[in-house]
Structure formats: C-alpha cells, structure tokens
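The values are calculated or read from the model by the stated rules, or taken from the named source; none is laboratory data. None of the values given here were measured: they were computed from a predicted structure. Here Cβ is always computed from backbone atoms with ideal geometry, including for glycine, and neighbour counts include all displayed protein chains.
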Amino acid sequence: MVKCFIKKGTRLEIIKDLELLTDTAELKDVVWIDMLRPTRTEIKTVEEMFDISFPTKQESEEIEISSRYWEEGKRIEINSYFLISDDPNPYNETVSFILQNRLLFSIRYKELTTFSEFSKRFLSTPKEFKDGFDIFHQIIDIRIDADADAIENLSKEIAKIRRHVFSDYTHEDEEILEKISAFEDLNMKIRENLTDKQRILTSMLKSAVDRIATDEVIIMLKDIKSLIEHTDFNFERLDYLQSIFVGMLSIEQNKTVKIFTIINVIFLPPTLIASIYGMNFHFMPELSWKYGYVFSIALMILASVSPLYIFKKKGWI
C-alpha cells in the first residue's frame, strides 16, 4: 500500500492510487510517500515517477550498523530501528527513509503505531510541517517518546517483580528467572533502538544538506542520552534483582539441607543402638534381660531427644 501526502498551502490531500498522480504540478507538491508492505510493481512505479531507487527489505536489514546513514549529494538514506514491543518476543523492525529534494520516502513492512499517530497529527495540523525534513523529525520524535514509555513500563514491571520476589513467590523459581531474562532482553532491544537513533541523529548534525533543523536534532539527542542512561539503570536493577533472587534460592536450599541434616542427626543414634542390639552374637548381657526391650527403646528415644534439646538450646533450630 502506498500513500502520497500532497500539501498545497495549509491544505493536505492523501492519494492512495498512484495512477492519479499524473499532474506534474501535483508531483511537486508531494511531501511524503509512505509505503507499507509495497509490492514490487508499486516500488517500480514510485521509482519511475520520482527518479529514485529503493533498497529491498533484505538489503535494508543487512546493512551494517555503521552504514545505516548514507548521504550523497542532496539525498539522505536512513535505515532505522523501530521497536516492536507488543510481540511475545520483542524485536527491532527496520524502517527505511530517503530524504531527497525535501521529499520524504518511507518504506516499512509492518504496521507501526508511530506512523499512525503521526498521520493523525499531520492531518489535524498540516501547516506545522513544511516538507519531508519536518515530517521525518516528527516521526523520530514520536518514536523516542514511545521508547520512553516502553522504558517506563519496563521499570514498573521490574519494581513489581522485585516486590514479588521479597514476598511469598510460592516456588515460582523458573518463572521469575524467565521474567528477569525477558526483561533484560527487552531492555537490550530498547537500548539498541536508542543507540541506532543516536548514531543517525549525530550523523545528521554533520550533514551538509540544508533543512536539517539542528536545534530539533540536538534536543532529540539529549532526550536519547537520558533514555540510554535509564536503560543502564534498568540493567543494574535487573542484575541486582537476579543476584538477590539467586541468593534467596541459596538460602532456601540451605534451609532444606539443614532440615535433612537435623533429621539425619536425630535418627542416627537410635539407628546405631538398634544396629548394636540387632547383632546375632550368642553372648549379649541384655539378651535374656527381662527389661532389655524397654531399655533399648528408652535409650533410642533419649538418643533422639538429646540432639533436639542441644540444637534448641544453642538456637540452631
């Protein structure tokens, strides 16, 4: 699907059928072409209409991190990460942008809330966005705000699981460790997403192309820096939480071992006594004694109770 946003003064028009873009004057008024899961035919049509070439999805994803921003003449090509956090396994989706002659082209292969939200803003206040540079800055700014919300939600989840760990978590050891691991993975994805945008915006500051809007870029870079610091803090919290949880597991295991040790100590002396009187020697003093059985039982009970009394007195149990 291809959407062409045409801006004429303060009026905005959206065309979804490329065949309607036949007027040369209209082509000059196009400020943004948003392509969602475009077919090869749609891509070829746009390339011919605007004398431009687009990378394929595979090419966009395989571009090295250091080469995700490319500038040549009046053309800027950007491949940026957009976090998909509502998936069971969060991941970073690559979105391609091309800025050429103040016109923005965006190519994506998944529905993204950032673009839906910006489209609503663009339709409500089209006069605030003069060209593709303004549109791109606003899309990135919205994405940074979304990343901030993702970090805030993650921080709340970390605080929630921390309270749960210090309460009665009722033998949910594997589940809690899986959650901590999932939170670490999500935090890493958020950080990769932010670092990617930081690198792109830093490259834009060095750009020789006009209309980069340096002040806006600097503000966004400051926001990204503070968010990256927050992700570092979340990593520290997760490491600390994992260490505490593992320590608590060790304490629980030690308690279990302690219980079994006490049980062994209690039953070891009676077992020894029973073993002695269970030997089949012919000459044993208590063998023919009238009270031999009662004596051995009493001796075993005394041998069991004595360790309990000593442990209790020393405060070991």
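Across region 110-144, the qualifying residues are those that are polar (S, T, N, Q) and in contact with a Phe, Trp or Tyr (Cβ under 8 Å, 6 or more places away or on another chain), and the one among them that is surrounded by the most Cβ atoms within 10 Å (Cβ to Cβ) is THR114. Of all residues in region 79-128, those being of a type in the set (Val, Ile, Thr) and part of a strand (DSSP E or B) number 5.
Among the residues that make up region 246-262, is at least one of them surrounded by fewer than 17 Cβ atoms within 10 Å (Cβ to Cβ), without any contact (Cβ under 8 Å) to a residue 60 or more places away in the chain and closer than 30 Å to ALA146 by Cβ? No, that holds for no residue. Among the candidates SER288, SER226, single out the residue that is among the hydroxyl-bearing types (Ser, Thr, Tyr), in the same structural domain as MET188 (by TED's automatic domain parsing) and either outside any helix (DSSP H, G or I) or under 56 Å from the mean Cα position of the chain (by Cα) (or both). Exactly one residue qualifies, and that residue is SER226.
For region 70-89, the candidate set comprises residues that are surrounded by fewer than 23 Cβ atoms within 10 Å (Cβ to Cβ) and among the small types (Gly, Ala, Ser); within that set, the residue that is farthest from ASP185 (Cα to Cα) is GLY73. Scanning region 103-116 for residues that are out of contact with any Gly (no Cβ under 9 Å at 6 or more places or on another chain) and within 16 Å of ILE14 (Cβ to Cβ) returns SER106, PHE115, SER116. Out of the residues in region 95-109 that are surrounded by 21 or more Cβ atoms within 10 Å (Cβ to Cβ) and of a type in the set (Phe, Trp, Tyr), which is nearest to SER80 (Cα to Cα)? Ranking the qualifying residues of region 95-109, first place goes to PHE97.
Going by the conditions given, is LEU205 in contact (Cβ under 8 Å) with a residue 12 or more places away in the chain, exposed (fewer than 15 other Cβ atoms within 10 Å of the Cβ) and closer than 30 Å to GLU71 by Cα? Before you say what the answer is, go through the steps one by one.
Numbers: in contact (Cβ under 8 Å) with a residue 12 or more places away in the chain: yes; exposed (fewer than 15 other Cβ atoms within 10 Å of the Cβ): yes; closer than 30 Å to GLU71 by Cα: yes.
When the stated conditions are applied, LEU205 passes them.
Determine whether GLU26 is under 28 Å from LYS120 (Cα atoms), at pLDDT below 80 and part of a helix (DSSP H, G or I). So GLU26 fits the description; yes.
Could you tell me whether region 94-111 includes any residue that is under 19 Å from MET188 (Cβ atoms) and either touching a residue at least 24 places away in the same chain (Cβ under 8 Å) or not assigned by TED's automatic domain parsing to the domain that holds ASP51 (or both)?
Residues of region 94-111 that are under 19 Å from MET188 (Cβ atoms), as a first pass: 94.
From what is left, the residues that are either touching a residue at least 24 places away in the same chain (Cβ under 8 Å) or not assigned by TED's automatic domain parsing to the domain that holds ASP51 (or both) are 94.
The answer is yes, given that some residue of region 94-111 is under 19 Å from MET188 (Cβ atoms) and either touching a residue at least 24 places away in the same chain (Cβ under 8 Å) or not assigned by TED's automatic domain parsing to the domain that holds ASP51 (or both).
Do we have any residue at all in region 277-298 that's aromatic (Phe, Trp, Tyr), under 30 Å from ILE262 (Cβ atoms) and in contact with a helix residue (DSSP H, G or I) (Cβ under 6 Å, 6 or more places away or on another chain)?
The first filter runs over region 277-298 and keeps only residues aromatic (Phe, Trp, Tyr), leaving 277, 281, 283, 289, 291, 293, 295.
Among the residues that remain, those that are also under 30 Å from ILE262 (Cβ atoms) are: 277, 293, 295.
From what is left, the residues that are in contact with a helix residue (DSSP H, G or I) (Cβ under 6 Å, 6 or more places away or on another chain) are 277.
The answer is yes, given that some residue of region 277-298 is aromatic (Phe, Trp, Tyr), under 30 Å from ILE262 (Cβ atoms) and in contact with a helix residue (DSSP H, G or I) (Cβ under 6 Å, 6 or more places away or on another chain).
Suppose the filter is under 30 Å from GLY315 (Cβ atoms) and surrounded by 13 or more Cβ atoms within 10 Å (Cβ to Cβ); does ALA303 pass it? Spell out how you get there, then give the answer.
Details: under 30 Å from GLY315 (Cβ atoms): yes; surrounded by 13 or more Cβ atoms within 10 Å (Cβ to Cβ): yes.
Judged against the criteria, ALA303 is a match.
Return yes or no: is LEU238 at pLDDT 80 or above, more than 28 Å from PHE97 (Cβ to Cβ) and under 27 Å from the mean Cα position of the chain (by Cα)? Against the criterion (at pLDDT 80 or above, more than 28 Å from PHE97 (Cβ to Cβ) and under 27 Å from the mean Cα position of the chain (by Cα)), LEU238 qualifies. The single condition from (1) β-branched (Val, Ile, Thr); (2) under 30 Å from ASP147 (Cα atoms); (3) in contact with a Phe, Trp or Tyr (Cβ under 9 Å, 6 or more places away or on another chain) that VAL265 fails is (2).
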